[in-house]
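Some notes on the structure that comes next.
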Amino acid sequence: MSRPPASSRAPVVNAGRLWSGGVATAVVAALIGLVGLLIARALLQIPYLAPVRAGALGDSRTIVLCVCAAIAALAATGLAHLLLVSTPSPMAYFGWIVGLVTAVAVVLPFLDTEPLTVRLATAVIHLVIGLAIGSLVTGAAVSATGGRR
């Protein structure tokens, strides 16, 4: 029995390398949420996620933002891993999926009734988080497959 050509074999994914990159991305995404919140609240005086009287760090919704950003990064890592082992051109699909989910996250705040400044701050923070997750997880995935993606 002959071996299938190298191009038709499933890619070898270094899961440890991929997931360590995913965890690092989760930390970065959470910190982007925190820095974005601090810029909006402390520098721009926008009552983002809490009234101004709650201080620079806001309230418990700050933690929710950071945790959700970290979870999104881990979910993106899981998606990348799934696509790497199951689909042709996995990073093309990954880019489209992350791009479209980021677009949804940017548009959703505009469906709210918050002041325009809060909606803009939310959209910008979501955009930066999405861009970071997309680029960092892509880099981790390429690294985890030996640069073949």
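Amide hydrogen proximity for Ile46: with H placed 1.01 Å from N in the peptide plane, the residues at 5 or more positions away or on another chain lying under 5 Å are Arg41. Using a Gaussian network model of the chain whose springs link C-alpha atoms within less than 10 Å, name the residue from Gly36, Gly16, Gly95 with the highest mean-square fluctuation. Looking only at Gly36, Gly16, Gly95, the biggest GNM fluctuation is shown by Gly16. The calculated 222 nm mean residue ellipticity attributable to helices in the chain amounts to -23500 deg cm²/dmol, summing -39500 (n - 2.57) over DSSP H runs of n ≥ 4 and dividing by all residues.
Once fully extended, how much extra length lies between Ser143 and Ala15, figured as 0.36 nm per residue of separation less the alpha-carbon to alpha-carbon distance? Walk me through the numbers before you get to the answer.
Values: separation 128, 0.36 × 128 = 46.08 nm, distance 1.04 nm.
Result: 45.0 nm gained on full extension.
Projected onto their three principal axes, the Cα atoms of the stretch 14-144 cover extents of 49, 26, 19 Å, largest first.
Taken together, the values in this text are just the output of simple stated rules run on the coordinates, not laboratory data. Source: prediction; values computed, not measured.
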